[in-house]
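Participant: Starting off with a structure, shown below.
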Amino acid sequence: MGCIQSFRQCCDRPKNTNVRISLPAVCFVWQIAMIILFGIFIRYNEESDAHWIEHKTSNNISSNIENDFYFRYPSFQDVHVMIFVGFGFLMTFLKRYSFGAVGFNFLIAGFGLQWALLMQGWFHSLDPMDGKIKIGVESMINADFCVASCLIAYGAVLGKVSPVQLMVMTLFGVTLYAVEEYIILSLIHARDAGGSMVIHTFGAYYGLSISWMLYRPNLDQSKHRIGSVYHSDVFAMIGTLFLWMFWPSFNSAISDHGDGQHRAAINTYLSLAATVLTSIAISSLSQKTGKLDMVHIQNATLAGGVAVGTAAEFMLMPYGSLIVGFCCGIISTLGYIYITPFMEKYLKIHDTCGIHNLHAMPGVIGGIVGAITAAAASKGVYGTEGLANTFDFMGKWKDMMPTQQGGHQAAGLCVALCFGIGGGIIVGCILRLPIWGDAPDNSCFDDDIYWELPEDEENNPPTVEYNNHMRNKAV
Amino acid sequence: MGCIQSFRQCCDRPKNTNVRISLPAVCFVWQIAMIILFGIFIRYNEESDAHWIEHKTSNNISSNIENDFYFRYPSFQDVHVMIFVGFGFLMTFLKRYSFGAVGFNFLIAGFGLQWALLMQGWFHSLDPMDGKIKIGVESMINADFCVASCLIAYGAVLGKVSPVQLMVMTLFGVTLYAVEEYIILSLIHARDAGGSMVIHTFGAYYGLSISWMLYRPNLDQSKHRIGSVYHSDVFAMIGTLFLWMFWPSFNSAISDHGDGQHRAAINTYLSLAATVLTSIAISSLSQKTGKLDMVHIQNATLAGGVAVGTAAEFMLMPYGSLIVGFCCGIISTLGYIYITPFMEKYLKIHDTCGIHNLHAMPGVIGGIVGAITAAAASKGVYGTEGLANTFDFMGKWKDMMPTQQGGHQAAGLCVALCFGIGGGIIVGCILRLPIWGDAPDNSCFDDDIYWELPEDEENNPPTVEYNNHMRNKAV
Amino acid sequence: MGCIQSFRQCCDRPKNTNVRISLPAVCFVWQIAMIILFGIFIRYNEESDAHWIEHKTSNNISSNIENDFYFRYPSFQDVHVMIFVGFGFLMTFLKRYSFGAVGFNFLIAGFGLQWALLMQGWFHSLDPMDGKIKIGVESMINADFCVASCLIAYGAVLGKVSPVQLMVMTLFGVTLYAVEEYIILSLIHARDAGGSMVIHTFGAYYGLSISWMLYRPNLDQSKHRIGSVYHSDVFAMIGTLFLWMFWPSFNSAISDHGDGQHRAAINTYLSLAATVLTSIAISSLSQKTGKLDMVHIQNATLAGGVAVGTAAEFMLMPYGSLIVGFCCGIISTLGYIYITPFMEKYLKIHDTCGIHNLHAMPGVIGGIVGAITAAAASKGVYGTEGLANTFDFMGKWKDMMPTQQGGHQAAGLCVALCFGIGGGIIVGCILRLPIWGDAPDNSCFDDDIYWELPEDEENNPPTVEYNNHMRNKAV
């Protein structure tokens, strides 16, 4: 007992936000480690190696257009935009944390994708012949996917953690992700093209658990900085729209060539369209005068893309996609109105961007929709070959039935939840240590802690509170 | 006479901008209707259905890369960006209407694309075997195209209508579009790859007619809010540039595979480049000291893309594209300088974004250019097969001559004009009814009517007028 | 001596910034010249001409998907975004020069790409049969590449030149580029897929030399306008991120079909990721309290993409890419901290955007990395066919050895340097003439000189200095 108390006391020491040693150290050491590990392990795969021209001849491939690059690169670029501009700008809504939103997002993703190539490579693309990981365009998409889960987690702790903490969070997040993904996709043989379970459920509960562990009882000292200003809301809409528009590419990026990619894009397109209408409807209903709330438009409109992730490549049917989007728009918006304040007040989980409403709930719904759709699959709807193809009933899984597959999907969802919550609690413990340079409770959500701000801002503060803040500093 | 007067009186009742019942009701009811109609009518086409693998075998298709997805999906994504970021941000230039610009654009497009899939499906892709509409990536592009015409119309009434009115406008706009498109493309057999006639001419005159019907004699009470501020102009440039850059994809998205798409992209690229120079030249000439006007840069630079829409897939020749762009840059910029004020003063048409200069005039020019180019087509330039292929002289049209085709193109332009003006007048009448929650004349162009604004804005108003406005409200 | 002095005096006459005659004249005359030259010289190539259908049959091409359009168009669109949004928004960081950054970028690129199609066409794609230049999607990419070098040069003189000077700079820049590119790629047979030498080294030294020739001794009268404001830094991040994300497309856009494009994208992706970490590390190290500087995040994070340009299509190996990115992040950030102030103080080169750190040094490094990688190439790593294919050891170069190729690469780098510095000095001389309408030293970096600014800005100036400036004007 005394031990826990002394741990708590140790954690609650006065904060020192100087990261001049720790941040460069972490960046340099980890980047050098990446170079060494890449040197040992990572090589081009047969489609990106200069031997492709010989591989083509020996495998009777008629044209360069059959290179996987042409099937997947456009989707990869769309996913890439979602990771860097989408997630980055979505979080710029805070009035004084736009630099941190875009900049730390950039840092996390830049590191995370390298570590993901290694971790995912060890599990999925290790060549038994030479012990090397062989990478190609699909590896890059998967690395971006993995990073997405860490950026989702960042949404829960936005403005409350230091860049060093974010790097640690990413290191463990990517590791956990790779293990969890291997269990769900390879061992359990669940399908999850758009990552409702693997990416969103895991990432969101990982972030929420960390936020719970890092709970700040005196955060109301920074609450005047939690809001947005007019132009920061417009910046956030850039993030929203690029996520929304490119989500069909996200959900279809690693689906099967041909009908799989095609169908996943259509389903996501439809689901997202329905979400826009129900989010706006609930947002308007929730205000006395029917006014819309930008928070809902920026976030809840995306819930349909999350929830259709698992089932996007299945024969969900166009109306099925609309139904999923319809429900998620409602649930997500209601989450912002009722659940986020509830969680903060009673569960002591502060969720800056509301990832519980945008990723956690829709992710779980997506896992369930996927399980149901898989269990309901039939040869009549898919065709004999189509069924085997869509669910990959091949090799050791060739006798699998759709109903069984439904069970496996549900099991996958549980694994994602366990890894998210369990991993988050452990990593949250580590991040409580008072060595990471995070800000005191009265300086959260403020770029001034980690960024050189333009000088002239002092002459024209965007808000009165900010002005006071600067004046106090000057005194 | 008395009847008309009492209609006018009824329409001029004091305005109530509370949309708390009407907006959610419209969103929910229409979204549920969409789900039901999709359930009855819409299925995947053979390229997005799980039976693709069997279809491939039976049709002797050698590779998945032959799936239309790989021909059109990159273009689809570019078009998607134009619809949501392009049109959305282009309209953020007003100092206090950025939320409405981006947000209502989002709402219109989210609803419109669903309704467009149905309407266009009934006319174009109804499978006679089972009475179902079969959708694929081309349907998604066409739905986005259809939505574009409604977003163009939104440009004319930006800031003066309620979201409920916009939904009604979209419902009818999409319906009219689908009929008009069917008449022009299928019955008249005109070609219009980039939609100069079908999308731009129709959409612009539809919007202008509605704006004429909704004329507000006392709009000068809101005129202090019609301008931009420095950063809102930069936001609008995001819209401009994404429209400008992706216009080659827009005009080539549904062109013929192979040379058709290739040529349409090149022609549009060139036309737009020429427009930039002449827009800037006229803009500079029009000011006493040669200063440039952001309104021209944001809008007139796009006119070349509109005007080359119909002819983009024809053998317009690179210099032909430059000439079209050259002329449209001049005409469009002169339109902003002379015609927009004229229309407002004498024709009682207030056109917030100047769509008459960006879409209506260039659209008509595009139709004419298309007719001339088609009429001048020859086997020498196109090759025998190329001519039949480009103009689709097949089936019942196989004996068509280029000169005839030119006539059909001109007929198509007339149909687009009639539908735009006629439809706009009728829909405008409906929208005059005092039940839609639009703002009074002194509160137009103000996000405060339909949006919860960030609180701290009151402490740091971007303009003095706005400050007064807020103070008056508080009293 | 007296002659030079009188030239100097002539150049130092009071400035007249009215461009009402010169800017429209230049735009119109040059655009008309383009139309005439396009009419004489430019036609569609066989893949974008309506004869494609016959060409396909006669060349035994099985499918439309073999059209180069489908290999390169997605990359083209990404490059297009980099040119217009990437470069344009990267330069919006100045507090009062966002219109000029985005708008003049638009003007330069719109003109430059037309002139580049002609210049590059004469050197590379002149059809000997009919004396015409045949263009297709690859020509459009190359034209965008050429424009990139002029936009890089613009970065050095941002805020200090008039739009007419920019047009002149672009005219000569494109011309020099085409000659230099022809010498490096065709005569010397160096490879440079991503343009480290051809685009970045040339463009940067061209811009720096011009800036040196246009040195303004009294520029400190405008120094209060050189900084950023909070939101202008966020706008600049839009540019940074779109450049960063799409750089893999830039470096792979004109690589060989198949493994060439695939490998170039992977190498660039990795190099850029490593740069992010080291840029942030050095940025944090350089400040007493470890705070990050937005200038470094906006610029230095891109250096890895520049430096991997030449070698991206070679077998640089994933760890090789990381090493390149690692070093360039460090060097580029140190450049911003130490070299830029040094150059301004001692070399009299004022470099507004720091292109020396982002393009010049990384470009030279890229050329050296390319030479080493080429010299070290072996049949073991590339395979016999792969080696010939990657380095294009065909035709008259079929007996070339990798070590020789390394020498040719180094020679190419020297040519790029000479053209950049030599061309820049000559063009800089021309631009010193007092006829181009550039601003006096106390009005640089100010949109008010060439743009109509929104009126209400006077009521709510973003900075105190700006307010004074406006008041002085009013007096």
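The values are calculated or read from the model by the stated rules, or taken from the named source; none is laboratory data. Since the structure is predicted, the reported quantities are computational estimates derived from the model, not experimental observations. Cβ placement follows ideal geometry from the backbone for every residue including glycine, while neighbour counts extend to all protein chains displayed. Areas reflect the complete protein model, heavy atoms only, side chains present, ligands, DNA and RNA absent. Shrake-Rupley method; radii C 1.70, N 1.55, O 1.52, S 1.80 Å.
Participant: From the list A:Leu107, A:Leu126, which residue is at the interface with chain C (Cβ under 8 Å from one of its Cβ atoms), aliphatic (A, V, I, L, M) and on the phi < 0 side of the Ramachandran plot? Please lay out each step first, then the result.
Facilitator: On the way: A:Leu126 fails: at the interface with chain C (Cβ under 8 Å from one of its Cβ atoms).
Unique residue meeting the criteria: A:Leu107.
Participant: Can you pull out every residue in segment A:39-73 that is within 30 Å of A:Tyr154 (Cβ to Cβ), open to solvent by 30 Å² or more (accessible area, probe 1.4 Å) and touching a residue at least 24 places away in the same chain (Cβ under 8 Å)?
Facilitator: Correct list: A:Phe41 only.
Participant: Turning to a different aspect of this structure: Which of the residues spanning segment C:174-188 are over 17 Å from C:Cys27 (Cβ atoms) and either under 14 Å from the mean Cα position of the chain (by Cα) or open to solvent by 10 Å² or more (accessible area, probe 1.4 Å) (or both)? Step through it out loud before you land on a result.
Facilitator: The first filter runs over segment C:174-188 and keeps only residues over 17 Å from C:Cys27 (Cβ atoms), leaving C:175-188.
C:Thr175, C:Leu176, C:Tyr177, C:Ala178, C:Val179, C:Glu181, C:Tyr182, C:Ile183, C:Leu185, C:Ser186, C:Leu187, C:Ile188, listed by residue number.
Participant: Follow-up. Looking at segment C:179-198, is at least one residue in contact (Cβ under 8 Å) with a residue 12 or more places away in the chain, within 14 Å of chain A (Cβ to nearest Cβ), in a helix (DSSP H, G or I) and closer than 24 Å to C:Leu90 by Cβ? Give the steps one after another, and end with the answer.
Facilitator: Initially, segment C:179-198 is screened for residues in contact (Cβ under 8 Å) with a residue 12 or more places away in the chain, giving C:179-186, C:188-198.
Right, trim to within 14 Å of chain A (Cβ to nearest Cβ) and you get C:191, C:193.
Add one more test, that the residue is in a helix (DSSP H, G or I), and what stays is none.
For segment C:179-198, residues in contact (Cβ under 8 Å) with a residue 12 or more places away in the chain, within 14 Å of chain A (Cβ to nearest Cβ), in a helix (DSSP H, G or I) and closer than 24 Å to C:Leu90 by Cβ: absent.
Participant: Suppose the filter is facing chain B (nearest Cβ under 10 Å), in a helix (DSSP H, G or I), at pLDDT below 95 and closer than 23 Å to B:Phe84 by Cβ; does A:His231 pass it?
Facilitator: Details: facing chain B (nearest Cβ under 10 Å): yes; in a helix (DSSP H, G or I): yes; at pLDDT below 95: yes; closer than 23 Å to B:Phe84 by Cβ: yes.
Judged against the criteria, A:His231 is a match.
Participant: Tell me which of these C:Gly354 doesn't satisfy, since it passes every other one: (1) more than 18 Å from the chain's Cα centre (by Cα); (2) at positive phi.
Facilitator: (1)
Participant: So which residues in segment C:310-333 are more than 9 Å from chain A (Cβ to nearest Cβ), more than 15 Å from A:Cys27 (Cβ to Cβ) and not polar (S, T, N, Q)?
Facilitator: Passing the criteria: C:Ala311, C:Ala312, C:Glu313, C:Leu316, C:Val324, C:Ile331.
Participant: Given the residues A:Gly367, A:Gly354, A:Gly335, which is the only one that is closer than 16 Å to A:Thr201 by Cβ and in contact with a Phe, Trp or Tyr (Cβ under 9 Å, 6 or more places away or on another chain)? Write out each step before concluding.
Facilitator: Details: A:Gly367 fails: in contact with a Phe, Trp or Tyr (Cβ under 9 Å, 6 or more places away or on another chain); A:Gly335 fails: in contact with a Phe, Trp or Tyr (Cβ under 9 Å, 6 or more places away or on another chain).
Residue meeting the stated conditions: A:Gly354.
Participant: Right, next: Given the structure, is A:Lys95 surrounded by fewer than 24 Cβ atoms within 10 Å (Cβ to Cβ), in contact (Cβ under 8 Å) with a residue 40 or more places away in the chain and not in a helix (DSSP H, G or I)? Show your work before the answer.
Facilitator: Working: surrounded by fewer than 24 Cβ atoms within 10 Å (Cβ to Cβ): no; in contact (Cβ under 8 Å) with a residue 40 or more places away in the chain: yes; not in a helix (DSSP H, G or I): yes.
Criteria not met by A:Lys95.
Participant: Test of understanding: among A:Gly424, A:Gly370, A:Gly386, which residue is buried (at least 21 other Cβ atoms within 10 Å of the Cβ) and either β-branched (Val, Ile, Thr) or within 30 Å of A:Ser162 (Cα to Cα) (or both)? Let's see the steps before the verdict.
Facilitator: Details: A:Gly370 fails: either β-branched (Val, Ile, Thr) or within 30 Å of A:Ser162 (Cα to Cα) (or both); A:Gly386 fails: either β-branched (Val, Ile, Thr) or within 30 Å of A:Ser162 (Cα to Cα) (or both).
Being buried (at least 21 other Cβ atoms within 10 Å of the Cβ) and either β-branched (Val, Ile, Thr) or within 30 Å of A:Ser162 (Cα to Cα) (or both) holds for just one of A:Gly424, A:Gly370, A:Gly386, which is A:Gly424.
Participant: Tally up the residues in segment B:13-38 that are more than 30 Å from B:Asn59 (Cα to Cα), assigned to a helix (DSSP H, G or I), open to solvent by less than 40 Å² (accessible area, probe 1.4 Å) and not aliphatic (A, V, I, L, M), please.
Facilitator: The total comes to 4.
Participant: May I pose another question? Among the residues of segment A:78-108, write down those that are closer than 21 Å to C:Ser279 by Cα and hydroxyl-bearing (Ser, Thr, Tyr).
Facilitator: Within segment A:78-108, A:Tyr97, A:Ser98 qualify.
Participant: Among the residues that make up segment B:78-88, is at least one of them aromatic (Phe, Trp, Tyr) and in contact with a Cys (Cβ under 9 Å, 6 or more places away or on another chain)? Give the steps one after another, and end with the answer.
Facilitator: We begin by selecting, within segment B:78-88, every residue aromatic (Phe, Trp, Tyr); these are B:84, B:87.
Those still in the list that are in contact with a Cys (Cβ under 9 Å, 6 or more places away or on another chain) too: none.
No, segment B:78-88 contains no residue that is aromatic (Phe, Trp, Tyr) and in contact with a Cys (Cβ under 9 Å, 6 or more places away or on another chain).
Participant: Just a yes or no: is a residue in segment C:365-388 on the phi < 0 side of the Ramachandran plot, more than 10 Å from chain A (Cβ to nearest Cβ), under 29 Å from the mean Cα position of the chain (by Cα) and free of Cβ contacts under 8 Å to residues at least 24 places away in the same chain?
Facilitator: Looking through segment C:365-388, none of the residues is on the phi < 0 side of the Ramachandran plot, more than 10 Å from chain A (Cβ to nearest Cβ), under 29 Å from the mean Cα position of the chain (by Cα) and free of Cβ contacts under 8 Å to residues at least 24 places away in the same chain.
Participant: I'm trying to understand the selection: among the residues of segment B:9-58, which are within 7 Å of another protein chain (Cβ to nearest Cβ) and of a type in the set (Ser, Thr, Tyr)?
Facilitator: Result: B:Tyr44, B:Ser48.
Participant: Could you tell me which numbered condition C:Ile266 fails, if it satisfies all but one of (1) at the interface with another protein chain (Cβ under 9 Å from one of its Cβ atoms); (2) touching a helix residue (DSSP H, G or I) at 6+ places or on another chain (Cβ under 6 Å); (3) over 18 Å from C:Val364 (Cβ atoms); (4) at pLDDT 95 or above?
Facilitator: (2)
Participant: Determine whether A:Ser196 is open to solvent by 10 Å² or more (accessible area, probe 1.4 Å), farther than 30 Å from A:Ile449 by Cα and in contact with a Ser or Thr (Cβ under 9 Å, 6 or more places away or on another chain).
Facilitator: Working: open to solvent by 10 Å² or more (accessible area, probe 1.4 Å): no; farther than 30 Å from A:Ile449 by Cα: yes; in contact with a Ser or Thr (Cβ under 9 Å, 6 or more places away or on another chain): yes.
Answer is no for this residue.
Participant: Counting only residues that are farther than 15 Å from A:Gly304 by Cβ and crowded, with 20+ Cβ neighbours inside 10 Å, how many does segment A:338-359 have? Walk me through how you get there before you give the answer.
Facilitator: Within segment A:338-359, the first condition is being farther than 15 Å from A:Gly304 by Cβ, and the residues that meet it are A:338-356.
Next, only the ones that are crowded, with 20+ Cβ neighbours inside 10 Å stay: A:340, A:343, A:349-356.
Summing the residues that are farther than 15 Å from A:Gly304 by Cβ and crowded, with 20+ Cβ neighbours inside 10 Å in segment A:338-359 gives 10.
Participant: Turning to a different aspect of this structure: Can you name the condition, by its number, that B:Lys95 falls short on among (1) closer than 29 Å to B:Pro454 by Cβ; (2) modelled with pLDDT under 95; (3) within 9 Å of chain A (Cβ to nearest Cβ)?
Facilitator: For B:Lys95, the failing item is (3).
Participant: Among A:Ala153, A:Ala109, which is in contact with a Gly (Cβ under 7 Å, 6 or more places away or on another chain) and buried (at least 24 other Cβ atoms within 10 Å of the Cβ)? Reasoning before the result, please.
Facilitator: Numbers: A:Ala109 fails: in contact with a Gly (Cβ under 7 Å, 6 or more places away or on another chain).
Testing whether each residue is in contact with a Gly (Cβ under 7 Å, 6 or more places away or on another chain) and buried (at least 24 other Cβ atoms within 10 Å of the Cβ) leaves just A:Ala153.
Participant: Let me ask something additional. Would you check if there is a residue in segment A:210-225 being open to solvent by 10 Å² or more (accessible area, probe 1.4 Å), facing chain B (nearest Cβ under 9 Å) and touching a residue at least 60 places away in the same chain (Cβ under 8 Å)?
Facilitator: Checked against the condition, which is being open to solvent by 10 Å² or more (accessible area, probe 1.4 Å), facing chain B (nearest Cβ under 9 Å) and touching a residue at least 60 places away in the same chain (Cβ under 8 Å), segment A:210-225 yields at least one hit.
Participant: Can you tell me which condition B:Leu117 does not meet? The list is (1) open to solvent by 10 Å² or more (accessible area, probe 1.4 Å); (2) in contact with a strand residue (DSSP E or B) (Cβ under 8 Å, 6 or more places away or on another chain), and all the others hold.
Facilitator: (1)
Participant: Sticking with this structure for a sec: So which of A:Ala273, A:Ala300 ends up being in contact (Cβ under 8 Å) with a residue 40 or more places away in the chain and more than 8 Å from chain B (Cβ to nearest Cβ)? Spell out how you get there, then give the answer.
Facilitator: On the way: A:Ala273 fails: more than 8 Å from chain B (Cβ to nearest Cβ).
Exactly one residue qualifies, and that residue is A:Ala300.
Participant: If I filter segment A:120-141 down to residues being closer than 17 Å to C:Thr268 by Cα and of a type outside the set (Val, Ile, Thr), which single residue comes out as most open to solvent (accessible area, probe 1.4 Å)?
Facilitator: Pass one, segment A:120-141, residues closer than 17 Å to C:Thr268 by Cα: A:134-141.
This time we only want the ones that are of a type outside the set (Val, Ile, Thr), so: A:134, A:136, A:138-140.
On the way: A:Lys134: 52, A:Gly136: 2, A:Glu138: 71, A:Ser139: 24, A:Met140: 3 Å².
So the residue we want is A:Glu138.
Participant: Suppose we filter segment C:95-146 for residues that are closer than 19 Å to C:Tyr206 by Cα and in contact with a Lys or Arg (Cβ under 8 Å, 6 or more places away or on another chain); how many remain?
Facilitator: Final tally of qualifying residues: 0.
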